[in-house]
Amino acid sequence: MATSESGTVCGTVSADIPTIDFGPFLSDDGILAGDSPTPAQIAVAEQIDKACRNHGFIHLTNFGITDEFRKECFEASSNLFHQPEQHKLENLSRINPKTNMGYSPMRTESLNRNRPLELKEAFNVRFPPANINDYRGCPPAFAETAKRLQTVLKEAAIRYGYACALALGR
């Protein structure tokens, strides 16, 4: 059981979400090289197909973010958010509702209008070149790490598209 902010006891729901190792789609062979898919790529595509049909969700692992890079991302975020409040308020680009990019201080957003403002802060970025992110006031490593993360995630999304196409074609 979990307890909400108001002290109400809430029931928890457990879901058996399938975990799929995406590793076979990280190398540039098989379907990613314009050839027939490798047996490992076929196996992953079949797992994705089954999981999406039976669960609607998957937990994808081994998609390009190493443990070292994950730690680097968390450290860059920690360095950004541990800056003095005054610095963040005066120097970071503020969130723009039209673009959903920039810094959002604590208690300035609520995804549910019937609930209190959220106890979180965020720095939202979007994919270039359609969007130009403003990293002014951020620690230098934050911008570099955010850009690298975007590159890794974009490549993973493209490769996931190949896996889904293979799954649908089977």
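The values are calculated or read from the model by the stated rules, or taken from the named source; none is laboratory data. The structure displayed is predicted, hence computed values, not measured ones. All Cβ positions, even for glycine, are placed from backbone atoms using ideal geometry, and neighbour counts span all protein chains on display. What goes into the accessible areas is simple: the full protein's heavy atoms, side chains included, and nothing from ligands, DNA or RNA. Shrake-Rupley method; radii C 1.70, N 1.55, O 1.52, S 1.80 Å.
Tell me, which residue of the stretch 124-170 that is of a type in the set (Ser, Thr, Tyr) and open to solvent by 80 Å² or more (accessible area, probe 1.4 Å) is farthest from residue 42 (Cα to Cα)?
Filtering first and then ranking leaves 151.
Which residues, counting only those in the stretch 71-84, are part of a helix (DSSP H, G or I) and open to solvent by 100 Å² or more (accessible area, probe 1.4 Å)?
Within the stretch 71-84, 71, 74, 75 meet the criteria.
Just checking, which of 63, 57 is under 24 Å from residue 22 (Cβ atoms), open to solvent by 50 Å² or more (accessible area, probe 1.4 Å), in contact with a helix residue (DSSP H, G or I) (Cβ under 6 Å, 6 or more places away or on another chain) and in contact (Cβ under 8 Å) with a residue 24 or more places away in the chain?
63
Out of (1) touching a residue at least 40 places away in the same chain (Cβ under 8 Å); (2) open to solvent by 50 Å² or more (accessible area, probe 1.4 Å); (3) part of a loop (DSSP other than H, G, I, E, B); (4) not basic (Lys, Arg), the odd one out for residue 117 is which?
With respect to (1) touching a residue at least 40 places away in the same chain (Cβ under 8 Å); (2) open to solvent by 50 Å² or more (accessible area, probe 1.4 Å); (3) part of a loop (DSSP other than H, G, I, E, B); (4) not basic (Lys, Arg), residue 117 is out only on (1).
Got a sec? Which of 128, 97, 139, 84 is without any contact (Cβ under 8 Å) to a residue 24 or more places away in the chain, in contact with a helix residue (DSSP H, G or I) (Cβ under 9 Å, 6 or more places away or on another chain) and of a type outside the set (Val, Ile, Thr)?
Exactly one of 128, 97, 139, 84 is without any contact (Cβ under 8 Å) to a residue 24 or more places away in the chain, in contact with a helix residue (DSSP H, G or I) (Cβ under 9 Å, 6 or more places away or on another chain) and of a type outside the set (Val, Ile, Thr), namely 128.
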